[in-house]
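The values are calculated or read from the model by the stated rules, or taken from the named source; none is laboratory data. Computed from a prediction, not measured in an experiment: that's the story for all the values here. A quick note on method: Cβ atoms are made from the backbone with ideal geometry, for glycine too, and the neighbour counts reach across all protein chains shown. With ligands, DNA and RNA removed, areas are computed over all heavy atoms of the protein, side chains included. Shrake-Rupley method; radii C 1.70, N 1.55, O 1.52, S 1.80 Å.
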Amino acid sequence: MKKFILFFLVCSISFAQKKTIEQRVDSVLALMTLDEKVGQLVQYSGGWATGTETEKSNEGSDALILKGKVGSFLNVVGAEATKKMQKIAVEQSRLKIPLIFGLDVIHGFRATFPIPLAEASSWNPALVEKSARWQAIEASSAGIHWTFNPMVDIARDPRWGRIMEGSGEDPYLGSLMAVARVKGYQGNDLSANNTIAACIKHFAGYGGAEGGRDYNTVDFSERTFREVYLRPFKAAVEAGAATLMASFNEIGGVPSSANKFLLTKILRGEWKFDGFVVSDWNSIGELIPHGVAKDLKHAGELAIKAGLDMDMEANSYYNHLADLVKEGKVSPQILDESVRRVLRIKFRLGLFDDPYKYCDVEREKKSIMSKEIIQATLQSARESIVLLKNENKFLPLKKDLKKIAVVGPLANSKDNPLGGWDQQGNPKNVVTVLDGIKNKLGENTEINYEEGCTIEGNEKDGFGKAINLVKTSDIAIVVVGESRNMSGEASSRATLDLPGVQESFVEEIQKTGRPVIVILMNGRPLTITWIQQNVSAVIESWYLGIQTGNAIADVLFGDYNPSGKLPVTFPRYVGQVPIYYNHKNTGRPYDPKNHYTSYYMDLENTPLYPFGYGLSYTTFSYSDIFLSKNKIKKDESLTVSVEVKNSGTQDGTEVVQLYIRDLVGSVTRPVKELKDFTKIFLKAGESKKVEFTITPEKLKFYDINMNFVVEPGDFKVFVGTNSVDVKEALFTVVD
Ligand code: GLC
């Protein structure tokens, strides 16, 4: 009986609490004037920009806050700066509604972590959650309530610069990374002062831009949209993300910022999302050049009616939303619902209860660049590194080398390792590759550096000094790649080659005959075919953040055995793009013995490196697959097991990957789909039985009628070390 009473009490208190937030939202809403309601849906960038060129708001931030005409700012940073603005809102404005401060904390606030594409290479959601947790701790101490992250756009085209911001080409891996970041940012209590609201972006389909050209047209079937591009968003909403950001692009003719099917039918109708949606920067204003709005007022009408709640920097809601309501073009109910969503998140963040809890200058001093967060960036960097080639076990290097040449335009770069979207990252905090190697080795090793060439320039006059240095050294470590501003927003490339003369620089260094290691620093897959064919050891380091050099040195000298796996396919040539592992078979799948099949005549028709690929300093062997059953009903599960052995001489970590293929469906199905993976540590010689469960959920897809179902028939299951090197088995689903 006691248990029941306790249970009843807990339920009524929690029901009262939940009811309290909704009641409190409604009580504030009831007091608001039309202008104050509109104000909650207006977001401006503080600091360096307020309002876009069109119809710029001619009032300063303080005046806007005082009059309740703005509800949120982005790009305002610091406990003190945010407190100053918050004070006006909660002590001087009529209704004292707190502001919400947003910022692009994409891979760190001040302590820069590896770029998201690098962290995805760790295939370690727990690690990624910890990274996000640390980023929230640091950013929240500086007055930030809300990050415009995780960016969960699936990217199958590496020409697209924003591939660096996401988790690659696969919706399953991308979903796990999205959920990990939402949990890391929001923690278990969004009202705590060290948790921040997440914002899943860019909703949706942004990574599908034609030609990999940023902001370009997106047009794919609803089936592809739901099965590939929407999956990480759905997973992040189910994980409790507080907000979403609408994307710039159109989808099949309807821009996301005016897309009612997306923002209302799917997001609210199907997914029951009760947070709010913010536009991307002026994406409401861009409905005009998209050609669906005749002016900024019409754009605002389309957006608010579609379900877009907050206007970032377009000045549309600020200038026209009140008139749209007065003219009866936008119903008061639609307006109230958007305001309710914004207030709800502000209440959940605890901003009404304590609007200054993110404004503690002392906490800010202790949290920024703490030794704990720096250590966290190092561990994340280590696990983000992918070993692409290691001929004759060339690596790891011994620590007693006499003379090392560290060369290349990125070997001693202080800013590029931060990557794009580094927010408050500071180059002075970066450990360069050269620094890391020096930190690692004692005085007995002579370490010299020559830049050799620049990243994008065509000058070769620096080659000579670098070549001479290499000739007199035991080994050459060559660091090449892209500058960090060659990926990220508005940074699409029509080629995936190393920029400038870097490849010929590597060729000249290779000609010296000294042992060469190439370290790549880049924000996207690169067509490094010559390097792959000619250089003994190749490491993919992406942009690893402030601990770049120490993490790379740990790997180079064997203090960390690399375990990263590629979250994106590397093409041999840009002409292969889009190239991704979970492609369809077509009616004429490539057959080297048959001319009339789907292939390119002028190159080898396989990726340079496949999805899921990454080497270790040890080797792993896989037994054949054992299935608990060969036949299951549609609502049954089966267990897949393999024995994985560390067959090498070093302890190491392996990402064991499980894929399936639905051999016959009512619609065509991909040749492989990642459905599970596990990262296991095995001591040299150790074996472990790895088990996966294939549940009905893992077999579902949108059938010919767009129902999300399991269909009976034969399936292949694959388990292996990447998406190509796999063991396989067959099972059947029966009705
Ligand atoms: C940018 C980006 C978006 C970012 C926003 C605010 O244009 O598309 O990802 O969150 O503006 O900086």
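List of remarks:
- Pairwise FRET efficiency - LYS631 versus ILE88, Cβ, R0 = 51 Å, nearest 0.05: 0.15
- Looking at the range 108-229, the pairs of alpha carbons with a distance over 19 Å make up 46% of the total.
- Environment charge at TYR449 (Cβ cut-off 14 Å; Lys +1, Arg +1, Asp -1, Glu -1): 0
- DSSP assigns beta bridges within the range 377-576; of those with both partners inside it, close to 15 percent run antiparallel.
- Residues whose placed amide H lies under 5 Å from that of GLU446, excluding near-sequence neighbours: LYS403, ILE404
- Candidate aspartates and glutamates - alpha carbon under 15 Å from LYS688, same-chain residues fewer than 8 apart omitted: ASP624, GLU643, ASP651, GLU654
- Its residues counted as N, the range 636-697 yields a C-alpha radius of gyration over 2.2 N^0.38 Å of 1.40.
- Of TRP530, PRO232, ILE304, farthest towards positive along the dipole that unit charges on Lys, Arg, Asp, Glu beta carbons give the chain: PRO232
- Vicinal HN-Hα couplings computed from phi for the range 413-426 (Karplus, 6.51 cos²θ - 1.76 cosθ + 1.60; Hz; Gly/Pro x): 7, 8, 9, 4, x, 6, x, x, 6, 8, 6, 9, x, 10
- Percent of beta bridges antiparallel (DSSP, the chain, rounded to nearest 5): 55 percent
- Built from the Cα atoms of the range 231-346, the convex hull projects on average onto 6.8 nm², one quarter of its surface area.
- Close amide-amide hydrogen proximity is noted between GLU250 and VAL218, SER256, each under 5 Å apart and 5 or more residues distant or on a separate chain (H modeled in the peptide plane; Pro and chain starts excluded).
- The relative contact order of the chain, computed from alpha carbon pairs under 8 Å that lie at least 6 residues apart in sequence, is 13 percent.
- When each of LYS272/LYS634; LYS357/LYS565; LYS403/LYS565; LYS366/LYS428 is checked by Cα-Cα distance, pairs over 29 Å: LYS357/LYS565; LYS403/LYS565
- J(HN,Hα) series, the range 386-393, from Karplus relation 6.51 cos²θ - 1.76 cosθ + 1.60, nearest Hz, glycine and proline x: 10, 7, 8, 8, 8, 4, 6, 6
- Evaluated over the range 377-576, the Cα radius of gyration and Dmax, each in Å: 15.5, 48
- Of LYS584/LYS631; LYS130/LYS260; LYS593/LYS700; LYS438/LYS511; LYS593/LYS633, pairs whose Cα-Cα distance is over 32 Å: LYS130/LYS260; LYS593/LYS700; LYS593/LYS633
- Average accessible area per residue (Å²) across the chain - probe 1.4 Å, nucleic acids and ligands excluded: 38 Å²
- In summary, the chain shows an alpha-carbon radius of gyration equal to 0.99 times the 2.2 N^0.38 Å reference for compact globular proteins.
- Principal-axis tilt of helix 125-141 within the chain, Cα atoms, nearest 10 degrees: 50 degrees
- Evaluating 6.51 cos²θ - 1.76 cosθ + 1.60 at θ = phi - 60° for every residue in the range 208-221, the Karplus couplings come out as x, 3, 4, x, x, 9, 4, 6, 6, 4, 10, 8, 9, 5 Hz, glycine and proline recorded as x.
- Within straight-line cross-link reach of LYS87, aspartates and glutamates at Cα separation under 12 Å, skipping those fewer than 8 residues along the same chain: ASP62, ASP354
- Principal axis box of the range 489-623, alpha-carbon based, largest edge first, Å: 50, 44, 38
- Shape call, the range 406-482: gyration tensor on alpha carbons, a/c limit 1.5: oblate
- Most to least packed among 638-650, 723-735, 424-436, 134-146 [average Cβ atoms within 10 Å]: 134-146, 424-436, 638-650, 723-735
- Cα-based convex hull volume of the range 620-734 per residue, rounded to whole Å³: 82 Å³
- Between the Cα long axis of helix 332-348 and the first principal axis of the chain there is an angle of about 60°, rounded to the nearest 10.
- Highest to lowest packing among 474-484, 74-84, scored as the average C-beta count within 10 Å: 474-484, 74-84
- Once the Cα atoms are used to define both axes, helix 502-511 deviates from the longest principal axis of the chain by about 20 degrees.
- Once you divide the Cα radius of gyration of the range 371-426 by 2.2 N^0.38 Å, the number left is 1.48.
- The amide H of LYS629, built 1.01 Å from its N in the peptide plane, has THR639 as neighbours under 5 Å, considering only residues 5 or more places off or on other chains.
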